[in-house]
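Laboratory data are not the source of any read-out in this text; all were calculated from the coordinates shown. Model, not experiment: these values are computed from the prediction. Because the Cβ atoms are built from the backbone with ideal geometry, glycine has one as well, and the counts that use them run over all protein chains shown.
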Amino acid sequence: MNPIQQKMFHVYEEIKKICEENNLRYFAAGGTKIGAVLWQGIIPWDDDIDLVMPIDDLEKLVDIIQSSESEEIAVFNGLTALHSDILGIKVYDAHSMFTSNNLLNHPDSFTGIFVDIFPLIGAPTGDIYPFIEDIYEVSDTLYRQRLFGTDEAFIFQCIEKMDEILHRYPFEDSDNILNVANPIGEHYSKVEFLDCQSFPFETSHIPISKEYDSHLKKQYGSYTKDWPVEKRHSLHQEFALVDDKKNIEFYKESIKSSPIKNYIEKLWDIKIGLEKSVFDIDDHRKMMEKKYQQLEKSYQQLEHEKEVLAESLRELESRYLSLINSQSWKITKPLRDITNFIQSKRK
């Protein structure tokens, strides 16, 4: 493991210890699950560890870490923070710095080298997609507002809406569950997901559902050690300020007392403008997609009605041919001829 991976693995070990001491459930997620299955550890080029926890267990973990006097780890609650780029929490090493460029203008959201933990929440039985649409609608708005918005009251309203979604279907009472950070790719039968096994993970172990193969294929399509070389890079480090020697307090003070603060603020204003343009374009794209889907639905409805009419015409044509070829039609032909002759004379 490289120095970044060593620190985040140490954070994982601390999380594991707390969870086991307090009977809290946790599971590997995303690339961490792939790493455990294929490498029995962290993917060689990965720069984060992803876990999921039932929402109530996750909230207990936050309380335990915040009330502890640990000098090794701390926690950032991205579910309730004013500024955040994550719909989850970050448990981080207290002696390092690892913060996304998106948050460098918000020192209250600085973190060290971290482990991401996302909430597993209850989901409805039957059609799950209206609930998923609710999640995306609120989370998209919340993401934009927390990074680029200025109306704090509105941001906290969005946070409250998301909190309602997180607890709408109690985890313990639900048959279906999902990862709120990726509800499309990670929704499962609760019984199936909780039936897990322990996989080797570096010098430790990590819990993974026994149905990991079908779950990973559902999420990624396929997974293999033979990743394209161009995709073997540390994605998070490319867009973050990373230092495994100095902590977040050092950087808070350094930025606060340095001319670089003004530079960051100016860059931030430019970034906000660019991001707003990107989001506006994306909103327009979504609107056009929705309109296209409505037109496609109308077209399909018209095609269906056309087919129904065509089938009715074919049926009438068949009945007509059957009628004129019938014995009754032939027998009554002289009578029809006489009737037509009389009607013509009356005219």
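With each label point set 7 Å from Cα along the Cα-Cβ vector, what nm distance links Val308 and Tyr129? With each label point 7 Å from Cα toward Cβ, the separation is 2.2 nm.
Roughly speaking, what is the stretch gain from Ser326 to Ala94, that is 0.36 nm per residue apart minus the C-alpha to C-alpha distance, in nm to one decimal?
Full extension from Ser326 to Ala94 adds 74.2 nm.
Subtract the Cα-Cα distance of Asn22 and Ile184 from 0.36 nm times their separation in residues, and report this length gain in nm to one decimal.
55.3 nm
Amide H contacts of Asn176 (H built 1.01 Å from N, in plane; Pro and chain starts excluded): Ala123, Lys190 sit under 5 Å, all sequence-distant by 5 or more or on other chains. For the chain, the 222 nm mean residue ellipticity estimated from helices alone, with every DSSP H stretch of n ≥ 4 adding -39500 (n - 2.57) and the total spread over all residues, rounds to -17500 deg cm²/dmol. Here is the link list: Lys60/Lys210; Lys7/Lys90; Lys33/Lys225; Lys33/Lys210; Lys90/Lys256. Which ones come out longer than 18 Å on Cα distance? The answer is Lys60/Lys210; Lys90/Lys256. 3J(HN,Hα) along region 181-196: 7, 8, x, 5, x, 9, 10, 9, 6, 4, 4, 5, 5, 6, 7, 10 Hz, from the Karplus curve 6.51 cos²θ - 1.76 cosθ + 1.60 with θ = phi - 60°, whole Hz, x for Gly and Pro. Between Glu253 and Glu315, the modelled label-to-label distance comes to 8.5 nm, taking each label 7 Å out from Cα in the direction of the beta carbon.
Pairs of Cα atoms nearer than 8 Å and 6+ residues apart set the relative contact order; for the chain it is 18 percent.
For Lys286 and Ser68, FRET efficiency with R0 = 45 Å and r from the beta-carbon atoms, rounded to 0.05?
That pair, Ser68 with Lys286, gives E of 0.55.
Name the residues of region 82-114 whose amide N is less than 15 Å from a point 7 angstrom out from the Cα of His10 along the C-beta direction? Under cut-off, by backbone N: 92-98, 112-114.
For the pair Glu172 and Glu137, label points projected 7 Å from Cα toward Cβ lie 3.0 nm apart.
Whole-Hz Karplus values for region 88-100 come out as x, 10, 10, 8, 10, 5, 7, 10, 8, 9, 8, 10, 4 Hz, taken residue by residue from phi with 6.51 cos²θ - 1.76 cosθ + 1.60 and θ = phi - 60°; glycine and proline positions read x. Here region 99-164 yields Rg over Rh of 1.03, to two decimals, using C-alpha coordinates and the Kirkwood radius. Go from 0 up to the bin containing the longest alpha carbon distance in the chain, width 10 Å each, and give me the % of pairs per bin. Result, from short to long distances: 5, 19, 26, 21, 9, 4, 4, 4, 4, 3, 2, 0 percent.
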